Amino acid sequence: MKNFNFKTASNTKEATKLASGRATFLAGGMTLLPAIKLRLAAYSDLINIKKIKGLSGIKVSSKSLRIGATTTHAEVSSSKEVGKSIPSLAVLAEGIGDPQVRNRGTIGGSIANNDPAADYPSACLALNATIHTNKRKILADKFFKGMFETDLKKGELIESVEFEVPEKSAYAKFPNPASRYAIVGVYVARLKKEIRVAITGVESCVFRCKKLEDALSSNFSSSAIDSVNISSKGFNDDIHASADYRAHIIKVMAKKAVSSC
Ligand SMILES: Cc1cc2nc3c(=O)[nH]c(=O)nc-3n(C[C@H](O)[C@H](O)[C@H](O)COP(=O)(O)OP(=O)(O)OC[C@H]3O[C@@H](n4cnc5c(N)ncnc54)[C@H](O)[C@@H]3O)c2cc1C
């Protein structure tokens, strides 16, 4: 069914009230509209959240960087604040899709959608992010539940994403040459208290790689990755890359990320 009502919410309260039954939020529409067009999803109402004041924008402090849910990938990639406090996040945003996608797609939409090959979920895990919704705060470690599945409840709206400012960080992606989605994406972050490594594109959901985290905690250098054994068991195996190839590329991308930290 491609017929739906289009409603624009002017505040979060109105948005959540409208998002009952078979309604859903519409942000950049970069995932939702193709899904409807291809008849993979059908809704009675699309609730446009782009006009809600306060859902967009970037705020920085010495400890954290907070990005409003409807901030576009292009705004993140060109932000001086992001470039100064977490440059790897600007690099990630710049590598998403193409200019059209970056100028429409939003950080909140990307995280809510939780595509197994999306870039932002890896940043959330590696940078120990907190997802602020209209109801609560959710740690990234508890937010990403499975393929296209998150901890969000029906009608719960992401308002912003707050990232811990790391001492060092970098994101290295081996992209699909057509879509730019990650075949393998590795985000490495040296935080004040711990090293985190998050991987996207490889399983049905983004995950942290304990083996790489342990190796880099003992020795934060690309050579520390040489002796890490990455098993391909459970990895995606498809027309883009075999599971074994993905396991190999994880180490290549992890080394690249650590070298650029
Ligand atoms: C050609 C193409 C290439 C792409 N390449 C990449 C890539 O390289 N890397 C990458 O990571 N992504 C890529 N994407 C996806 C892109 O980043 C989208 O922006 C993103 O997946 C969805 O964001 P959106 O704002 O368009 O959300 P929408 O499509 O509007 O919504 C997506 C889902 O999130 C929900 N939602 C939206 N906002 C909120 C909110 N604030 N709170 C709760 N739920 C919400 C919607 O209800 C819907 O279910 C690509 C997309 C296309 C079309």
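The values are calculated or read from the model by the stated rules, or taken from the named source; none is laboratory data. For clarity, every value in this text was computed on a predicted model and none was experimentally measured. Note that each Cβ is placed from the backbone with ideal geometry, even for glycine, and that neighbours are counted across all protein chains shown. For the accessible areas, the whole protein counts, side chains as well, though only heavy atoms, and no ligand, DNA or RNA atoms are used. Shrake-Rupley method; radii C 1.70, N 1.55, O 1.52, S 1.80 Å.
So here's what we get for this one:
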quantity: Selection status of S217, away from the ligand (no atom under 16 Å from the Cβ), free of Cβ contacts under 8 Å to residues at least 60 places away in the same chain and open to solvent by less than 70 Å² (accessible area, probe 1.4 Å); calculated: no
quantity: Filtered residue count, segment 171-194, keeping only those that are open to solvent by 10 Å² or more (accessible area, probe 1.4 Å) and either without any contact (Cβ under 8 Å) to a residue 40 or more places away in the chain or more than 12 Å from the ligand (Cβ to nearest atom) (or both); calculated: 6
quantity: Residue ID - farthest from the ligand (Cβ to nearest atom), chosen from residues in segment 145-168 that are open to solvent by 20 Å² or more (accessible area, probe 1.4 Å), within 29 Å of S259 (Cα to Cα) and in a strand (DSSP E or B); calculated: K168
quantity: Those residues of segment 40-64 which are over 15 Å from T24 (Cα atoms) and either of a type in the set (K, R) or touching an Asp or Glu at 6+ places or on another chain (Cβ under 7 Å) (or both), in sequence order; calculated: K51, K53, L55, I58, K59, V60, K63, S64
quantity: In segment 1-45, residue nearest to K135 (Cα to Cα) [restricted to those that are charged (D, E, K, R) and surrounded by 12 or more Cβ atoms within 10 Å (Cβ to Cβ)]; calculated: K13
quantity: Residue satisfying condition, being in a helix (DSSP H, G or I), at pLDDT 95 or above and not hydroxyl-bearing (S, T, Y), within set A189, A215; calculated: A215
quantity: Residue in segment 243-250 that is part of a loop (DSSP other than H, G, I, E, B), of a type outside the set (K, R) and either under 14 Å from G185 (Cβ atoms) or open to solvent by less than 60 Å² (accessible area, probe 1.4 Å) (or both) present; calculated: no
quantity: Candidates P116, P99, P121, filtered to the one that is over 17 Å from L152 (Cα atoms), touching a residue at least 24 places away in the same chain (Cβ under 8 Å) and of a type outside the set (K, R); calculated: P99
